[in-house]
Amino acid sequence: MFFKDVCCTITKFQAVVTMNNFQMYRHIMSPGWTLGWVWAKKEVIWSMVGAQAVDQGDCTKFKGNIPHCCKKNPTVVDLLPGVPYNQQIANCCKAGAVASWGQDPSAAVSSFQLSVGRSGTSNKTVRLPKNFTLLGPGPGYTCSQAKIVRSTVFNSPDGRRKTQALMTWNVICTYSQLLASRYPTCCVSMSSFYNSTITPCPTCACGCRDKNKCIVSDSKLSSVVGIHTPTKDNTPLLQCTQHMCPIRVHWHVKTNYKQYWRVKITITNFNYRLNYTQWTLVVEHPNLNHITEVFSFVYKPLTPYQSKNDTGLFYGTKFYNDLLKEAGPEGNVQSELILEKNANTFTFKEGWGFPRKVYFNGDECMMPQPDEFPGLPNAAHANLITVPKLALFWLLMFLAFP
């Protein structure tokens, strides 16, 4: 389940807005969040710190000192890194990027401050905004109405004095993959050391609606308009594939040891428009409760149920492979896992060595059908049958000819 919290604290005419991302493995990446609402009365935004309204609106009624935004339904975005210090507050100015709670709780927050006019000066005259919207960066979020909660208490820098906000309210925004996109945004392919057949992503796993707009090969990139230029809603520009997904996750059962087995994971970007920053990968597999070593990725267990530890969160090592580059020779990241065998459950039969579910950046990926998973070769089954028959034959010979 996904949660989003927006907390607004009103002190006189000042409002501090804090956005906390409580989603364990879905972050908000570049080009960042966009927050909107509708004022209840005729409020205006006189000034902002740490963010800005994208449209000032009609402020012709004001003379001299002009408000920052006069729109009834302002739309606010984060500031870029490197803005002057007098335009910053804590947890602002990250171009709208917010980490997931599972990756880095300290970076899973974004804040800004605004000065509100025509809003009243007491909790009886201030009215709560309504119709909150959140893009992160594309659609998918649905926000509740604002709800008044206990007023926030602030401590002075020396810790010797406390002050209380005039009002505090919360807005909860939840994410739905079905609202964000009609089709999946990633798919899974599989292979193994014991079978030469590679199970590809399902055909048109992410929809083939852009089949006529895809790029056949890197040689045609110079003639394409809009390449290397992300759009606000992150509309992809894809390399032509049979699955037509921006992201493919490949799971390869690499080696079988006496007490361990080894898996290689490769994530490939087929989108020429987008670098994936602070990407996350979530895998569900029953043997993740005996994971021994992870190379080049960071691993954290996710245990929504205390009795079950079969889900793991993977993400890139900072400054090494936490950036998944756009489609091309460098548009992939990979790692290997070593897992300890459990004698009671381990087997390569019936696709047991492959994941049950895979999520990339919080969205569930399209899996092949279970009967398409790479299976053990027929010779392995034949050998299991041949040996007992041979033993039985010699036993009958012995009985017939004493």
**Message:** I'd like to check something: does the range 186-206 contain any residue that is part of a loop (DSSP other than H, G, I, E, B), out of contact with any strand residue (DSSP E or B) (no Cβ under 7 Å at 6 or more places or on another chain) and without any contact (Cβ under 8 Å) to a residue 40 or more places away in the chain?
**Reply:** no
**Request:** Might you let me know whether the range 303-313 holds any residue that is over 23 Å from Gly96 (Cβ atoms), among the hydrophobic types (A, V, I, L, M, F, W, C) and open to solvent by less than 40 Å² (accessible area, probe 1.4 Å)?
**Result:** no
**Prompt:** Can Leu324 be described as hydrophobic (A, V, I, L, M, F, W, C), over 17 Å from the mean Cα position of the chain (by Cα) and in the same structural domain as Gln259 (by the TED database)?
**Reply:** no
**Asked** Residues in the range 180-190: is at least one aliphatic (A, V, I, L, M) and over 29 Å from Trp37 (Cβ atoms)?
**Response** yes
**Asked** Hey, any hits in the range 34-42 for a residue that's closer than 30 Å to Glu364 by Cβ, touching a Gly at 6+ places or on another chain (Cβ under 7 Å) and not assigned by the TED database to the domain that holds Thr303?
**Response** no
**Request:** Select, from Pro368, Pro374, the only residue that is modelled with pLDDT under 95, surrounded by 19 or more Cβ atoms within 10 Å (Cβ to Cβ) and touching a strand residue (DSSP E or B) at 6+ places or on another chain (Cβ under 8 Å).
**Result:** Pro374
**Prompt:** Condition test on Cys208, is it over 30 Å from Trp352 (Cβ atoms) and outside the structural domain of Ser100 (by the TED database)?
**Reply:** yes
**Asked** Listed residues Leu79, Leu114; which is in contact (Cβ under 8 Å) with a residue 24 or more places away in the chain and farther than 30 Å from Phe314 by Cα?
**Response** Leu114
**In the range 314-327, the residues that are open to solvent by 30 Å² or more (accessible area, probe 1.4 Å) and assigned to a loop (DSSP other than H, G, I, E, B)** = Thr317, Lys318, Phe319, Tyr320, Asp322, Lys325, Glu326
**Fill in**
When every residue in the range 118-135 that is in contact with a Gly (Cβ under 8 Å, 6 or more places away or on another chain) and outside any strand (DSSP E or B) is compared, the one least open to solvent (accessible area, probe 1.4 Å) is Val126
**Asked** Exactly one of (1) among the small types (Gly, Ala, Ser); (2) farther than 28 Å from Lys41 by Cα; (3) in a strand (DSSP E or B) is unmet by Ser115. Its number?
**Response** (2)
**Item:** Filter pass, Ala108 being open to solvent by less than 30 Å² (accessible area, probe 1.4 Å), out of contact with any helix residue (DSSP H, G or I) (no Cβ under 8 Å at 6 or more places or on another chain) and under 30 Å from Leu302 (Cα atoms)
**Value:** yes
**Prompt:** Does Phe348 satisfy the condition of being out of contact with any Cys (no Cβ under 9 Å at 6 or more places or on another chain) and without any contact (Cβ under 8 Å) to a residue 40 or more places away in the chain?
**Reply:** no
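The values are calculated or read from the model by the stated rules, or taken from the named source; none is laboratory data. Remember, it's a predicted structure, so these values are computed and weren't measured experimentally. Positions of Cβ are backbone-derived with ideal geometry, glycine not excepted, and every protein chain shown enters the neighbour counts. Just so you know, the surface numbers come from the protein's heavy atoms only, side chains and all, with ligands and any DNA or RNA stripped out. Shrake-Rupley method; radii C 1.70, N 1.55, O 1.52, S 1.80 Å.
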